[in-house]
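Here is the structure we will look at, set down as structure tokens.
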Amino acid sequence: MAHEHHEHHEHEGQACQCGHHHDEQHEQHEQHEKTVLCNQEEITVTHHEGAVILSTERVIAKEYSWVRDRLNKELQSLAGWVEDQGGLVGHIKAFLTETGYTCMLSTTGEDVQIKETLKPKVTAKITLIVFINNENELYSKLAETLKKLVN
């Protein structure tokens with residue numbers, strides 16, 4: 001079983017620049033893993049054979065088509081940024097799942113009352129596998145991208 005230890009400190013240039021303290025977890029195994037929490041949001045950073053791997057999951061309270069189209073542009077922008085930095089994109093991908101309909105049916109013995117609501121939510125699972133020298137800037141770019149999706 002992996003040994004874990006927890007530290008509490010402020011990241012320099014790596015955090016989502018909210019200025020808050022962040023919790024960092026390190027696990028000792030084949031891949032060094034670091035999860036940075038900012039405002040209870042996570043971006044997991046791992047390394048494998050020279051690649052930096054960032055992964056995150058967000059729930060975005062917007063219409064599916066808006067999230068899909070915006071994420072399409074943002075992923076293209078991230079890939080271009082990596083190349084402009086002299087990096088190599090191994091893979092950048094997102095998987096979207098839509099939810100949002102709720103329905104409550106109730107009765108006291110006669111008619112059934114139905115109350116439906118639509119509150120669109122899209123869960124985006126995003127992974128970047130990149131060969132780049134400046135991991136901190138890549139992290140900041142992804143955090144910036146996520147802000148554009150949820151604001």
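The values are calculated or read from the model by the stated rules, or taken from the named source; none is laboratory data. Computed from a prediction, not measured in an experiment: that's the story for all the values here. Just so you know, the surface numbers come from the protein's heavy atoms only, side chains and all, with ligands and any DNA or RNA stripped out. Shrake-Rupley method; radii C 1.70, N 1.55, O 1.52, S 1.80 Å.
Summed over the residues of segment 73-149 and divided among them, the accessible surface reaches 65 Å² per residue at a probe radius of 1.4 Å. Three principal axis extents of segment 54-94 based on alpha-carbon atoms, in descending order, are 35, 18, 12 Å. Remark: segment 90-151 projects, on average over all directions, an area of 6.0 nm² (convex hull of Cα atoms).
The portion of the accessible surface of segment 73-112 made up by carbon and sulfur, rounded to a whole percent, is 51 (1.4 Å probe; DNA, RNA and ligands excluded).
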